[in-house]
Amino acid sequence: MPRKKAIEQEEFTENTKVSENTENAEAGENEEKKLSLGILKLDPEEIEVPEVKNDTTWSEISSAYHAKRIIPVVISGLEKTKVYGNVAIAYYKEQRIVIPVSEMMITLNSVNYQNETMDERLTRICNSMLGAETDVIIKGIDKKALSVVASRKEAMIKKRERFYLTPLSDGLPHIREGRIAEGRIIAVSPMVARIELFGLEVTIPASQISWDWISDVSESFHVGETLNVLVTKVEGETPDNLKVEVDVKSITPNTSKDNLSKCVVQGKYIGEVTNVRNGTVFIRLKIGVNAISHTNYDKRMPGRGDIVSFVVTRINEDYGNVSGVLTRIIKQVI
């Protein structure tokens, strides 16, 4: 009998401690958070992902469906189905989720590449998003078949309302001019990177994403990574007409300008061609300097990615680059 009472007393004491810890945690959660305007991070709290310690993935999916919560997923494939047509396949933990391409809410520019149809363009961009993390709202579940259908579009709209249109205690929203925010890189090509910035997509060209001239954006920036950007302009009053402009270079160091001290006039250096436009060749020297050549001594026409020899004739301190002559194509990329 005494041993039984001792065990009961220990269980009572342990339960009391658990209860006190729970009450303290709840009290801490109810404390008013101070307004902080640091870098806006892609935090699980920001995207409203419920964290129930012992929950199964399916119960989390079911809970998110009924509460219309946003959850993060990873785009892992593309398929064509009879019911939804072209779909993106995503995963939340181990659960497969189907997102119709029509619900991906992909921003398209006015350029039509090779007379593509709208569906072809959307599919091509979805293909470039493989491996990207994005957010969705669950639209339908079938527990028996463990089938889930979701919409990226609805999640994007909800995030726009929260981060661009809902004022904080100072009367301005999370995303405002002058704020540095963390965006997800969701697609890259040789010339541009596409980022998702809290419900809005922004396309950043190679010339604007880095001080360093680069021949292929996809070699320096990768899907699934994050990128800090400075918000320079926000326009629009509804989720449908919002537009945002960002800047990357102003919040990153200009190493190219710092490296000018490594150059001397008449010095010869090796570099990679990053672009050719109207006869002008743009080169990234291996010593970390941007270079411009209006003259080519090689009989061949240089192209992006070629390795060349370059002689400096002028150092442009104000522009952070050098001018000179392309003397020879060392290795041509075909």
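The values are calculated or read from the model by the stated rules, or taken from the named source; none is laboratory data. Note that the coordinates shown come from a computational prediction; the quantities given were computed from them, not determined experimentally. Glycine also receives a Cβ, built like all others from the backbone with ideal geometry; neighbour counts cover every protein chain displayed. When the accessible area is computed, the model is the full protein with side chains, heavy atoms only, and any ligands, DNA or RNA have been set aside. Shrake-Rupley method; radii C 1.70, N 1.55, O 1.52, S 1.80 Å.
Restricting to the stretch 118-152, name every residue that is closer than 13 Å to residue 198 by Cα and surrounded by fewer than 18 Cβ atoms within 10 Å (Cβ to Cβ).
none
Please indicate, with yes or no, whether at least one residue in the stretch 154-174 is open to solvent by less than 10 Å² (accessible area, probe 1.4 Å), at pLDDT 95 or above, aliphatic (A, V, I, L, M) and closer than 18 Å to residue 84 by Cβ.
Yes - at least one qualifying residue is present in the stretch 154-174.
When the stretch 202-246 is examined, which residues are found to be touching a Gly at 6+ places or on another chain (Cβ under 6 Å) and open to solvent by 30 Å² or more (accessible area, probe 1.4 Å)?
Scanning the stretch 202-246 gives 223, 224, 243.
Is there a residue being on the phi > 0 side of the Ramachandran plot and at pLDDT 95 or above anywhere in the stretch 258-266?
Scanning the stretch 258-266 turns up at least one residue that is on the phi > 0 side of the Ramachandran plot and at pLDDT 95 or above.
How many residues are assigned to a helix (DSSP H, G or I) and either of a type in the set (A, V, I, L, M, F, W, C) or in contact with a His (Cβ under 8 Å, 6 or more places away or on another chain) (or both) if we restrict to the stretch 185-217?
3
When residue 100 is evaluated against the numbered criteria (1) within 18 Å of the chain's Cα centre (by Cα); (2) surrounded by 19 or more Cβ atoms within 10 Å (Cβ to Cβ), which criterion, by number, is the only one it fails?
(1)
Does residue 25 satisfy the criteria of being out of contact with any Lys or Arg (no Cβ under 6 Å at 6 or more places or on another chain) and at pLDDT 70 or above?
It is false that residue 25 is out of contact with any Lys or Arg (no Cβ under 6 Å at 6 or more places or on another chain) and at pLDDT 70 or above.
Across the stretch 61-84, what is the total count of residues that are touching a residue at least 24 places away in the same chain (Cβ under 8 Å) and either touching a Gly at 6+ places or on another chain (Cβ under 6 Å) or farther than 21 Å from residue 188 by Cβ (or both)?
Total satisfying the criteria: 9.
For the stretch 274-326, which positions are on the phi < 0 side of the Ramachandran plot, open to solvent by 30 Å² or more (accessible area, probe 1.4 Å), assigned to a loop (DSSP other than H, G, I, E, B) and of a type outside the set (Asp, Glu)?
Passing the criteria: 286, 287, 297, 299, 300, 301, 304, 319.
At least 3 residues that are within 29 Å of residue 217 (Cβ to Cβ) and touching a helix residue (DSSP H, G or I) at 6+ places or on another chain (Cβ under 8 Å) in each: list the strands (runs of 3 or more DSSP E) lying fully within the stretch 53-149 that qualify.
So the answer is 70-81, 85-92, 133-142.
Limited to the stretch 218-244, what total is found for residues that are assigned to a strand (DSSP E or B) and touching a residue at least 12 places away in the same chain (Cβ under 8 Å)?
Number of matching residues: 11.
For residues that are more than 12 Å from residue 321 (Cβ to Cβ) and in a strand (DSSP E or B), scanning just the stretch 261-273, find the one that is least open to solvent (accessible area, probe 1.4 Å).
Of everything passing the filter in the stretch 261-273, 273 is least open to solvent (accessible area, probe 1.4 Å).
Could you list, in sequence order, the residues of the stretch 175-201 that are open to solvent by 20 Å² or more (accessible area, probe 1.4 Å), farther than 16 Å from residue 223 by Cα and not hydrophobic (A, V, I, L, M, F, W, C)?
Across the stretch 175-201, the qualifying residues are 176, 177, 178.
If you check residue 183 against the conditions, is it closer than 19 Å to residue 136 by Cα and either touching a residue at least 12 places away in the same chain (Cβ under 8 Å) or of a type in the set (A, V, I, L, M, F, W, C) (or both)?
yes
Do we find a residue being in contact with a Pro (Cβ under 9 Å, 6 or more places away or on another chain), surrounded by 11 or more Cβ atoms within 10 Å (Cβ to Cβ) and at pLDDT below 95 anywhere in the stretch 45-59?
So far as the stretch 45-59 goes, yes, one or more of its residues are in contact with a Pro (Cβ under 9 Å, 6 or more places away or on another chain), surrounded by 11 or more Cβ atoms within 10 Å (Cβ to Cβ) and at pLDDT below 95.
Contact list please: Cβ distance under 9 Å, first residue in the stretch 166-180 and over 20 Å from residue 229 (Cβ atoms), second residue open to solvent by less than 70 Å² (accessible area, probe 1.4 Å) and assigned to a loop (DSSP other than H, G, I, E, B), pairs at least six apart or on different chains.
If the second residue must be open to solvent by less than 70 Å² (accessible area, probe 1.4 Å) and assigned to a loop (DSSP other than H, G, I, E, B), the pairs left are 166/173; 166/174; 167/173.
All but one of (1) surrounded by fewer than 15 Cβ atoms within 10 Å (Cβ to Cβ); (2) in contact with a Phe, Trp or Tyr (Cβ under 6 Å, 6 or more places away or on another chain) hold for residue 258; which doesn't?
Only one criterion in (1) surrounded by fewer than 15 Cβ atoms within 10 Å (Cβ to Cβ); (2) in contact with a Phe, Trp or Tyr (Cβ under 6 Å, 6 or more places away or on another chain) is unmet by residue 258, namely (2).
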